[in-house]
Amino acid sequence: IIGCGGTAIVFRARDMLSAKGTAPNKQVAVKTPRPELGDPARATKRLKHEFEHARLLSHPSIVRVLDLHEDQGRCFMTMELVEGKLLSHLLRDWTMLPVPLAYKILRQCAEALGYAHGQNVVHGDFKPGNIFVTRDEGVRIVDFGTAAGPSANDSRIPAGTPTYASPDVLSGETPDTRDD
C-alpha cells in the first residue's frame, strides 16, 4: 500500500503484462475502491468515472492512467507510478516551501489545469492532497474521481473536499473551471 484516500487504496505493483515488452517488470500504481466502504457499486462507478476522464488527458503534469479492469466483482485501475510526495505532506512537514519551488509547482499546476480545461475536463477536487511533487520537482495531478467534463452528467458522483470546494460545489452544483 502506497496511499489511502477517502474512497480508494493505491498499491505499488509490477505490471506482469509488460514483462514481454520493452519495459519488463514495469512498476505501476493500482487504485481500487476501499473494501470497507458501504456502497461498493458507487465506489466502482466513481473509479470508472475517474478513468474515463483521466484517459482523455495526456500532459506531463497529469498522472497517466493505463487500464481499467474488473476481476471477481472488484474494479481497479492501473496508472503511472509517481515517485515523490504529496504537496499536502510537503506543506505539513515544512513551515514554508522555498519560493522558487512554490512558483514551479504553481506554474506546472496552472499549465496542467489549463490543458485539462482545454479538453473540457474540470478536476473538481483540486487540492494539495491531489498534487504529487516528484523527486525532480515535477508535478503530477491525480484523482479525477469527481471530474466534470463532456460525459460527466451521467456518471459524476457529486463530491469534493469542503476545505477546498467553492460554495457552489458544496451546494451540489457541477464544478466549472473557476472551481479548479
Bins of 5 Å from zero: percent of alpha-carbon pairs in the chain: 1, 8, 16, 20, 21, 17, 10, 5, 1, 0, 0
Rg to Rh quotient for region 71-129, alpha carbon positions, Kirkwood Rh: 1.08
15 Å beta-carbon shell around residue 137, net charge (K/R +1, D/E -1): +2
Helix-only mean residue ellipticity at 222 nm for the chain, each DSSP H run of n ≥ 4 adding -39500 (n - 2.57), per residue, nearest 500: -8000 deg cm²/dmol
Where chymotrypsin sites (Phe, Trp or Tyr not before Pro) fall in DSSP loop in region 29-104, at most 12 other Cβ within 10 Å: 94
Cβ crowding within 10 Å averaged over residues, with 135-145, 120-130 ranked highest first: 120-130, 135-145
Percent of Cα pairs exceeding the 20 Å cut-off, where the set is region 28-92: 37 percent
Over the chain, relative contact order from alpha-carbon pairs under 8 Å, at least 6 apart, %: 19 percent
3J(HN,Hα) from dihedral phi, region 5-13, Karplus parametrisation 6.51/-1.76/1.60, rounded to Hz, x for glycine, proline: x, x, 10, 9, 10, 10, 10, 8, 8
Cα-based Lys proximity count in the chain, under 20 Å, for pairs eight or more positions apart or on separate chains: 7
Mean Cβ count within 10 Å, highest first, over the residues of peptides 66-74, 171-179: 171-179, 66-74
Spin-label proximity, residue 115 to region 54-71 - amide N less than 14 Å from point 7 Å beyond Cα toward beta carbon: 54-65
Length-normalised contact order of region 38-97 in % [C-alpha pairs under 8 Å, at least 6 apart]: 23 percent
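Just so you know, all these numbers are worked out from the coordinates, no wet-lab data involved. Everything quoted here is computed from the prediction, not taken from an experiment. Neighbour counts are summed over all protein chains in view; Cβ atoms, including those assigned to glycine, are modelled from backbone coordinates with ideal geometry.
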